[in-house]
Every structure is written in structure tokens, then in C-alpha cells.
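One structure is given below, encoded as C-alpha cells.
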Amino acid sequence: MTDLKILGMTCESCAAHVKAALENVEGVGQADVSYPSGSARVMTTEKVPMEDLLGAVANAGYRAEFRGADQQARDQRAPGPKTARLADIPLQEGPTAGKLHVVVIGSGSAAMAGALKAIERGAKVTLIERETIGGTCVNVGCVPSKIMIRAAQIAHLRRASPFDDGIDAAMPTIHRDRLLAQQQARVIELRKAKYEDILDTNPDITLLRGDARFESEQSVIVRGPDGEERSIGFDRCLIAVGASPQIPDIPGLQGTPYWTSTEALATDQIPDRLAVIGSSVVAVELAQAFARLGSKVTILARHRLFSYEDPAIGEALADVFREEGIEVREGTSAMSVAYSEGAFVLAIDQGELRADRLLIATGRAPQTTDLCLETASVAKDSQGSILVDQEMRTSNPRIYAAGDCTDQPQYVYVAAAGGSRAAVNMTGGNADLDLSAMPAVVFTDPQIATVGYSEAAAAKIGIQTESRTLTLDNVPRALANFDTRGFIKLVAEAKSGRLIGVQAVADGAGDLIQSAALAIRNQMTVADLADQLFPYLTMVEGLKLAAQTFYKDVTKLSCCAG
């Protein structure tokens with residue numbers, strides 16, 4: 001019998017999901033889960049690895065910890081990707097066996113990229129993880145969300161498409177439980193292939209399970225699942241602990257069974273009515289996905305959608321959402337939240353809003369609170385984000401940081417790039433992370449993609465600009481698709497004509513934006529871009545057409561005129 005502490009449950013339904021997840025583990029006979037006490041008692045018919053129980057709970061969208069110094073936890077700590085016993089880890093001060101000793105806190109994209117690059121450059125790595133191997137992206141972020149979004153797009157196209165005059169549409173039946181099983185199977189597959197198996201086959205990486213906190217400027221204390229603690233010294237350290245959903249201070253919200261993206265992606269049900277508080281990436285992606293899978297969705301945006309981007313982006317997306325039946329309430333805040341008899345009641349400026357489920361998607365906060373950063377002389381900003389330079393160094397020259405726990409943009413590819421560059425620098429190399437041409441994509445339909453400066457951002461730093469906006473009814477690929485929603489906008493430096501920014505709302509915008517990023521990286525002018533060869537009937541050809549609008553009327557051109 002094993003006792004677990006379950007974190008993240010918000011209602012009796014959550015307890016039922018955890019129970020089902022645990023009882024699906026091979027060797028588990030029965031699991032009694034209590035929502036009020038946040039606990040689970042697991043009865044097993046055979047010896048079950050700790051990793052299997054923790055992983056099952058994590059895959060259901062929650063977090064499990066072993067309660068007390070359970071002897072079974074001591075016996076079962078070894079299974080999984082090469083997990084070491086804390087008692088077997090020596091106090092490591094200075095190079096171990098002639099190798100630089102690097103401690104990596106976390107196991108997500110930044111952590112793994114840093115660990116692999118460090119051992120490639122001759123270091124020995126101790127990697128510390130308190131939760132599920134793989135971090136946010138593969139487990140509860142990019143991978144499951146994009147699977148759900150794609151499934152929702154398929155459902156939408158079966159229901160309605162621009163070709164319905166010639167292809168009969170049909171109302172799809174949504175089996176969310178089956179879609180969830182398919183989604184989670186791919187998550188488990190990728191986590192195993194890209195994280196667990198890699199850790200298991202690298203002898204220079206030692207995996208420790210537990211919570212880490214700094215003991216000094218050159219050591220950490222690791223507290224294992226059973227409460228055992230160990231002090232570990234390091235030559236260099238990479239902090240890559242990521243971020244978690246940020247919960248706004250709305251009266252009445254705490255204590256209600258609200259969702260964050262983690263619970264939303266792990267649910268096996270599609271609510272009839274879904275309210276979404278938020279107006280950026282996670283809010284809009286999941287809002288559209290749930291709407292296409294059958295929910296009546298209302299988005300509450302305190303200002304407007306994507307208020308930090310060019311206003312045309314939010315306007316275009318809001319128009320698309322309203323056409324699809326999603327209610328977008330801009331300039332609206334929830335003043336209080338109540339939950340009773342299975343329903344949420346949100347007090348808003350215009351009265352009240354009722355919903356069966358409430359998704360909070362108001363950003364993510366760095367998970368740095370429990371690290372004792374001040375003990376290690378590591379500076380952070382008022383939001384708790386670790387301050388780093390272009391070489392990923394913190395205010396402590398021995399300690400580096402990368403990923404969502406830093407003050408850099410929260411994108412998985414930025415995290416991975418930061419982790420690898422940190423490893424280069426901590427092992428004697430010299431590598432900068434240049435974010436001046438960083439592409440960003442939002443996986444709505446149509447997609448949103450940006451790179452470089454908007455007009456407003458350029459004006460703030462004194463750059464005079466000239467811009468052009470090309471509507472998609474001028475792009476042959478969009479016309480052939482019978483889908484001309486959106487635009488492509490190019491921003492150039494007025495004096496030189498050098499391309500400095502691109503914003504796009506279009507089907508396939510996420511693919512065309514990389515060409516724009518390369519053009520900016522190589523300091524191309526709009527004339528240079530307009531003179532390039534682009535394949536006809538591709539969406540990326542829109543970049544060429546948009547560049548041509550700086551000096552000609554593209555409506556007067558033949559189909560593929562150069």
C-alpha cells in the first residue's frame with residue numbers, strides 16, 4: 001500500500017480522474033482518492049515502480065508526491081530513466097574525475113539541451129527533477145495542445161468548409177475520451193523517445209528525483225520524495241525550472257474548480273459552456289479548439305485580443321472568432337467568481353456570465369519561489385523571472401538560467417537555444433542568444449505569426465518606418481483555397497528600406513514566417529525580397545507580393561509576374 005499526496009485537484013471530478021489514472025497502472029488493484037484531503041491510497045497486487053504512479057497522475061494533469069518517509073518509496077526509487085539514490089551521490093566539490101561538474105535543475109527543453117551540450121563538451125551532469133520528466137512542452141504544453149487543436153480543426157472542416165457546394169458536409173460526433181487517449185499516447189511516446197531514453201543512455205548524466213534549493217553560491221540541497229536531503233556542490237549550475245499558470249486575484253476564484261491549460265488539455269469532456277479569461281496565446285488557441293469540438297465559448301479580454309501586438313492582429317482574429325460563433329467580449333473583466341451546483345457565475349461589467357467550466361489563461365509565472373535564489377546571489381525581477389544576459393549568465397558567474405523561468409520570451413525553441421548556449425559558455429566557450437529575429441507563432445486558424453518589430457515597437461526606440469499591408473485576396477494560394485481571411489504586413493526602415501518586421505494572419509502563417517526571419521537576419525531590403533524567386537501558389541509567395549507593394553500596384557500584375 002502506498003500513500004500519495006495529490007496536488008492540483010479542484011473538485012470531486014478531479015479525484016475521479018486521478019483514481020482512474022492510478023487504477024490503469026499495471027499492478028494497481030485499487031486506488032482510493034480523496035479530493036477534500038488531497039490524498040490517494042494505492043493498493044497494489046505486485047511491486048509497482050514509483051515512476052509509474054507519479055507518471056500516471058501527471059498524465060492525468062495533476063501532480064503526486066509520496067507522503068512521509070514511506071519505506072516503499074525507498075525501495076522503488078530506482079525504476080525509471082536511470083534515477084539515482086540520493087544516498088549514493090557524493091558531496092561533489094570541484095571537477096569530478098577530471099570533469100567539470102554541472103548541476104541542471106529541471107528536465108524540460110532548456111534543461112535537456114543544456115545537459116546534452118554540457119556532456120558533449122566534456123562535463124559531468126547531475127540533473128534534478130521534482131515532477132514529470134520532460135517539462136511543460138511535451139507533457140502539458142506544446143505537444144498535447146497542438147494535437148487537440150488539429151483534432152478540432154478536422155472536426156471544423158467536416159462540419160463546414162469553403163468547398164461545401166461540392167462536398168457534402170456532415171456533423172461530426174466527438175469522442176473526447178478517445179481523442180484524449182490518442183493525445184496522451186503520443187505525449188508518452190515522445191517523452192520516452194526524446195527525454196527518458198536519452199537520459200537512460202547517457203552515463204555522464206545522473207538523474208535525481210526531488211526538490212532543489214540553493215544552499216550557497218556553489219551548492220544545492222535536494223530533498224527526495226521520501227524527505228531525505230542531500231547537499232550537492234557544483235562547478236556550474238543551470239536553472240531551467242520553467243513556469244506554471246499564473247492565477248489572477250479575482251474575488252471568489254480560489255476554491256472553485258477552475259481550469260488552467262493543464263486541466264483543460266487533460267479533460268475527457270467537452271463542456272456545453274466554457275468561459276475563458278485571457279486574451280493571448282493559450283486563451284485563444286484553446287478557446288477556438290473547444291468551440292470547434294462543441295463548446296459555446298465566451299472570451300473575456302481585459303483590453304483586446306493580443307493587446308501587445310499590432311492592433312490589426314487582434315481585430316482580424318476577433319472577426320474570425322465571431323464568425324465561428326465564439327463570443328469575444330473586449331474591455332471586459334471578471335469582478336468576482338462564484339461556483340454553485342456545477343456552474344460558474346462570473347460578475348462582469350454588463351451583468352453576469354454563466355458557464356459550466358472556466359479556463360484561466362492569463363499568462364505563466366516562473367517557478368522560482370522555492371529555489372532560495374537569494375542564497376545563491378541570483379537576481380530576479382519583480383515577477384520572479386531570473387535576470388540573464390545574452391550568454392545566459394545570472395548575477396552569479398557560476399550560475400546560468402534558461403527557458404521560461406528567465407526574463408526571456410516564453411517559447412520552447414528559445415528555451416532550448418538558451419540551454420545549449422548556457423552549456424557552451426559554462427564549459428569555456430562563447431555563445432550569444434540573439435533574439436532580434438525571433439519568430440513567434442499562434443496556432444489558431446488562421447495562424448498568427450510575427451517576427452521583428454511592429455510599427456509601434458520600432459517607434460518606441462526611434463526607428464522611422466514605412467509599412468505595407470497585403471490582404472490575402474491578393475495572394476493566389478489563398479484565392480485557390482477560397483480562404484482569404486487575414487493579411488501580411490511588412491515593416492521597413494524608412495531611410496534604407498531594410499525589412500525589420502513582419503506580422504501575418506493567414507493559413508500557414510507559421511510556415512511563411514521563417515522566410516521572413518531569414519530575410520531580417522540577413523538585412524534584406526524590401527526590394528531584395530521582392531526580387532527573390534518564390535514558388536507559385538504557396539502562401540509564402542505572399543511575402544514577395546507584400547514587398548512589391550512598396551513600389552507597385554500588385555492588383556495590376558499577372559498571376560505569377562516577377
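Going by average Cβ neighbours within 10 Å, how do the peptides 107-119, 445-457, 185-197 rank, with the highest at the top?
Details: 107-119: 27.8, 445-457: 21.8, 185-197: 16.4.
Descending packing order for the listed peptides: 107-119, 445-457, 185-197.
Once you compute Rg and the Kirkwood Rh from C-alpha atoms, what is the Rg to Rh ratio for the range 440-556? Can you show the working numbers first?
Working: Rg = 13.1 Å, Rh = 13.9 Å.
Looking at the range 440-556, the ratio lands at 0.94.
Test of understanding: ordering Cys559, Cys137 by Cβ neighbours within 10 Å, fewest first, what list do you get?
Details: Cys559 8, Cys137 24.
The fewest-first ordering by Cβ neighbours comes to Cys559, Cys137.
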Taking the chain as the reference, fit the longest principal axis to its C-alpha atoms, fit the long axis of helix 412-426 to the helix C-alpha atoms, and give the angle between the two in degrees, 0 to 90, nearest 10. 60 degrees
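Only bridges with both residues in the chain count here: give the DSSP antiparallel percent, nearest 5. Don't jump to the answer; show the numbers that get you there.
Details: 64 of 97 bridges.
Approximately 65 percent, going by the DSSP bridge assignments.
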Find how many whole Å separate the alpha carbon centroid of the range 203-219 from the alpha carbon centroid of the range 341-377. 30 Å
Footprinting exposure proxy for Met524, Met148 (fewest neighbouring C-beta atoms within 10 Å first): Met524, Met148
Contour minus Cα-Cα span, Lys552 to Asp168, at 0.36 nm per residue, comes to 134.1 nm
With a Förster radius of 25 Å, plug the Cβ-Cβ distance of Arg322 and Gln350 into 1/(1 + (r/R0)^6) and report the FRET value to the nearest 0.05. 0.90
Per 5 Å bin, what is the whole-percent P(r) computed from every C-alpha pair distance within the range 342-395? 4, 14, 16, 15, 8, 7, 10, 9, 10, 7, 0
Mind listing which trypsin sites (Lys or Arg not before Pro) in the range 488-562 are in a DSSP loop and have 14 or fewer other Cβ atoms within 10 Å? Lys495, Lys552
Estimated FRET transfer efficiency when R0 is 41 angstrom, pair Thr369-Arg273 (beta carbons, to 0.05): 0.75
Give me Ser145, Ser231 ranked fewest to most by other Cβ atoms within 10 Å of their Cβ, as a rough exposure proxy. Ser231, Ser145
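Rounded to the nearest 500, what is the chain's calculated 222 nm mean residue ellipticity when only DSSP H runs of at least 4 contribute -39500 (n - 2.57) each, over all residues? Don't skip to the end; give the middle numbers.
On the way: 17 runs with 167 residues, N = 562.
The helix contribution divided over the chain gives -8500 deg cm²/dmol.
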Quick one, which of (i) 0.95; (ii) 1.17; (iii) 1.03 is the actual Cα Rg over 2.2 N^0.38 Å calculated for this model? (iii)
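Quick one: Cα convex hull volume of the range 261-362, Å³ per residue? Don't skip to the answer; put the middle values down first.
Working: hull volume 9.3 nm³, N = 102.
Value for the range 261-362: 92 Å³ per residue.
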Note to self: C-alpha centroids of the range 252-316 and the range 391-449 sit apart, in Å, by 27 Å
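FYI, it's all coordinate maths here, none of it is from the lab. Bear in mind the structure is a predicted one, so any value in this text is a computation, not a measurement. Ideal geometry is used to build each Cβ from the backbone, glycine not excepted, and the neighbour counts take in all protein chains shown.
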